[in-house]
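Below: one structure, written as C-alpha cells.
The values are calculated or read from the model by the stated rules, or taken from the named source; none is laboratory data. Predicted model, so just to flag it, every value in this text is computed and none were measured. Counting neighbours? That spans all protein chains shown, and the Cβs are built from the backbone with ideal geometry, glycine included.
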C-alpha cells in the first residue's frame, strides 16, 4: 500500500510539472508573437523589409534576462521557425545562454530576435546546439525600413541579432551565447522528444498553440512589404 501511494504521488507531481511546463511554453509562443507584432507596428524602427524577405529562419526570445556585475550573463527561452517548401515550419523551442567578461553593472530584460540569413546559418539552427560567433557568424542587425546598401549583412552574416529594451529597438551582439534545443518545452508541447531538424524542416505538424506566433511571422513580412509599397507611392 505504501509503495502504491509513493508511485501515485510521483505520477501526480510529474503530471503537475508537465502541465506547468506546457502552460509556460504556450505563453512563450504567444509572447513571441506579440513581440513580432509590436516591432513590425513601427517599421521606421523595426527590422528592415529586405532582412525579413531574405530570412531563412526567425527566432524570438521574449523577456530574455540579462544581468551583469563584473561578469555579464544572459539567459532566455524562446521559439524559432524556418521557411519550408510549404510555408513556415512548426515552432522549435530553444534556449539561449552565455556570458561575457567586462566591467559591467546593471540588469535588464530584453526581447531578442534573431534572423537567420543563409543556408549555412539555417543548418546551425537545425542542429540541436551551436555557439553564436563561434559556430555561426552573427552581427547586430540593421534597423529601419531599409537595410543600408553600404552594409555587407546579406553577403557575410549567417545571423542578424536584435534586441528591444524599454521601448528601444536595436542590433545587439550575442557573441559567445549558446543556442540549443529546449528539451522540456519540446516534450511539453509535442508530447515527445523530437529533434530540432525534424521540427524546423517541416516534417512536424504545428500545434494549435503555435497559431498566433506563426501568424505573426507570416504577417511580419507582409507588413514590411505593405510599408514599402506605401512609401513608394508617396515618392
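Per-residue answers, yes or no, for (1) in contact with a strand residue (DSSP E or B) (Cβ under 7 Å, 6 or more places away or on another chain); (2) at pLDDT 85 or above:
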| residue | (1), (2) |
| --- | --- |
| 117 | yes, yes |
| 127 | no, yes |
| 133 | no, no |
| 160 | yes, yes |
| 163 | yes, yes |
| 168 | no, no |
| 172 | yes, no |
| 175 | yes, no |
| 179 | yes, yes |
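I'd like the full set of residues that are in contact with a strand residue (DSSP E or B) (Cβ under 7 Å, 6 or more places away or on another chain), closer than 15 Å to residue 217 by Cα and at pLDDT 85 or above, limited to the stretch 19-51.
Residues satisfying the conditions are 28, 29, 31, 32, 35, 36, 39, 47, 51.
Restricting to the stretch 221-235, name every residue that is outside any loop (DSSP other than H, G, I, E, B) and either farther than 20 Å from residue 85 by Cβ or at pLDDT below 50 (or both).
223, 224, 225, 226, 227, 228, 229, 230, 231, 232, 233, 234
Looking only at the stretch 184-198, how many residues end up being in a loop (DSSP other than H, G, I, E, B) and either surrounded by fewer than 17 Cβ atoms within 10 Å (Cβ to Cβ) or touching a strand residue (DSSP E or B) at 6+ places or on another chain (Cβ under 6 Å) (or both)?
Residues that pass the stated criteria total 4.
Would you be able to say whether some residue in the stretch 139-150 is loosely packed, with under 15 Cβ neighbours inside 10 Å and at pLDDT 90 or above?
No, the stretch 139-150 contains no residue that is loosely packed, with under 15 Cβ neighbours inside 10 Å and at pLDDT 90 or above.
Restricting the search to the stretch 175-189, which residues are more than 9 Å from residue 93 (Cβ to Cβ) and over 14 Å from the mean Cα position of the chain (by Cα)? Outline the logic, then answer.
Pass one, the stretch 175-189, residues more than 9 Å from residue 93 (Cβ to Cβ): 175-180, 187.
Hits for the stretch 175-189 are 175, 176, 187.
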